[in-house]
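No value in this document is a laboratory result; all are computed from the given coordinates. What you are looking at is a predicted structure, and each value in this text was computed from that prediction instead of being measured. Glycine also receives a Cβ, built like all others from the backbone with ideal geometry; neighbour counts cover every protein chain displayed.
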Amino acid sequence: MSREQSRTDEELVAEKRFDRSSSAFAEFYERYEAAILAYHRRRVRLPEVAADLTAETFARALAGRARFRPSGGNASGWLFGIAHNVLVDSARRGTVEQKAREKLGMQPIELDDEDLERVNALGGDDRLYAALERLPEEQREAIVARYVQDETYDETADRLSTSSSVVRKRVSRGLTRLRDQMMGWA
């Protein structure tokens, strides 16, 4: 395996040239597109909306990548945090925000029937839930608290009588395990 193929998510995001035309962004996008689409598809009815939310998630990741700090958690957690915020913002406004995409000059997504079928399949795929169930209980609980219940790390730490750094590590390790499981889902 070449050095290019073995870069961690954190190395990709931290790369100096992490933009729409870079190989680092393309690799990061390929690793997480299906997972982010599935995340959004499970939460919204229309596959077109899930695709728009996914596009806005990656656009915000590009626009905000300078704010990524590996010490604050791993890149997958950072990306799912962005996805969550995009979803919450969309629900609050009643529409999918497009500011990040417009700022980056990204064109709206056009989905054909095959694309819609693929997005729908992601929403109906129970493998993510099964993968989540296979995680150690403390990791599963930390991920659900952070990304489903929208608790802060401090709130979860208080509830579990532990430190926020322990909760961050549990989330990070759990997301890494989920990613590793999902890599084999072609």
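Within the range 147-177, the residues that satisfy the criterion of being touching a residue at least 60 places away in the same chain (Cβ under 8 Å) and within 19 Å of Leu128 (Cα to Cα) are Tyr147, Asp150, Val171, Ser172, Leu175, Thr176.
Condition check for Glu137 on (1) farther than 20 Å from Tyr39 by Cβ; (2) surrounded by 13 or more Cβ atoms within 10 Å (Cβ to Cβ); (3) among the charged types (D, E, K, R): one failure, at (2).
Restricting attention to the range 4-60, the residues that are without any contact (Cβ under 8 Å) to a residue 40 or more places away in the chain and buried (at least 22 other Cβ atoms within 10 Å of the Cβ) add up to 3.
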